[in-house]
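The structure appears below as structure tokens.
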Amino acid sequence: MAPEQHRGLHHLNWPEAKSAAACDSSTVVVPWGSLEQHGPHLPLGTDGLFAEQVLHQVLQALPPQLPIWFLPLQSLGFAPEHKGFGVSFTQPAEVMLAQVEAIAEPLARAGFQRLVLFNGHGGQISLLDVAARQVHGRHPNLGVHAWFLWDVDGVMDLVPDPERGQGLHAGLAETSLMLHMAPELVQLQHAVAEPPPPPPAGLSLEGRCPGAWRTNALSRSGTVGSPRGATASLGAALHEKLVQGWTTTFATLLGSSWPPRRSLESSDRV
Ligand SMILES: [Zn+2]
């Protein structure tokens, strides 16, 4: 068993899991991926592999006494934008919302204090945020956080322009990270550069004033951006930044009582 495996909630028996829930600041993390096309050179399970592997490195780096456990990877995600490339999976948004509730409800009932949805897929950031708010509304004693893997200060500074802005999918960052983590899953000889068309001034695909997009309207290969110049050494640098950033964030969360959960007396009288 790898050193962080003792933190697997699914490796505990129920009395142990019950005691885990009773720890002060008890926190459960669920890595969440998506099984979607990632261009002709990266595997369908790219997002989940990244989320799971970074999380496991973070769990190894955290002090062993911290009350944090993980559940197995949820590999099926919400990715309708990638339809039309052979085999690319998605599930209805309502199913994802129900799935988050199905995970949260027993944790809340057992007394766990926090749930973190550790998400590797950019297309389901908003949906998991909706799920977090909905679940927290139903179970106010369970703090719920939906965090996106790549949302770490400084990580994208390692990616040069214009790819930093244009590399939305299977581009330089993801290809480099996979070359570092699992090079046997990268088929660099099939990699294709297809940067997205420039939007009119003031609009964007994913930044300010965004809009929904479908990959097959932007790209023939499924890549949105350019994997050209991807290296394992850039991947190692990205990996180090991600692990450092998330280790600090998880340590901060576990060392705090965040988020506020006590109801203020006046709130029901408004
Ligand atoms: Zn994705």
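FYI, it's all coordinate maths here, none of it is from the lab. Note that this is a predicted model, so its numbers are computed, not measured. All Cβ positions, even for glycine, are placed from backbone atoms using ideal geometry, and neighbour counts span all protein chains on display.
General remarks:
- When each of the peptides 46-52, 80-86 is scored by the mean number of other C-beta atoms lying within 10 Å of its residues, the order from highest to lowest reads 46-52, 80-86.
- Per-residue 3J(HN,Hα) values for the range 87-104, derived from phi via the Karplus relation 6.51 cos²θ - 1.76 cosθ + 1.60 with θ = phi - 60°, read 10, 8, 8, 8, 10, x, 4, 4, 5, 4, 4, 5, 5, 5, 4, 5, 7, 6 Hz in sequence order (x marks Gly and Pro).
- Fraction of antiparallel bridges per DSSP, the chain only, in percent to nearest 5: 15
- For the range 221-229, Karplus couplings with θ = phi - 60° (6.51, -1.76, 1.60), whole Hz, Gly/Pro x: 8, x, 8, 10, x, 9, x, 4, x
- If you model the chain as an ellipsoid using its alpha carbon gyration tensor, with each semi-axis the square root of five times an eigenvalue, the axes come out at 33, 22, 17 Å, biggest first.
- Whole-angstrom gap from the range 1-70 to the range 243-260, using each part's C-alpha centre: 15
- Kirkwood radius for the range 15-129, taken over all pairs of different Cα atoms as the inverse mean of 1/r, rounds to 15.1 Å.
- Calculated SAXS-style log₁₀ I(q)/I(0) at q = 0.13, 0.16, 0.17 Å⁻¹ - the range 197-270, Debye, Cα scatterers: -0.82, -0.92, -0.93
- Here the range 216-258 is described by how far its Cα atoms reach on the three principal axes: 48, 28, 8 Å, from widest to narrowest.
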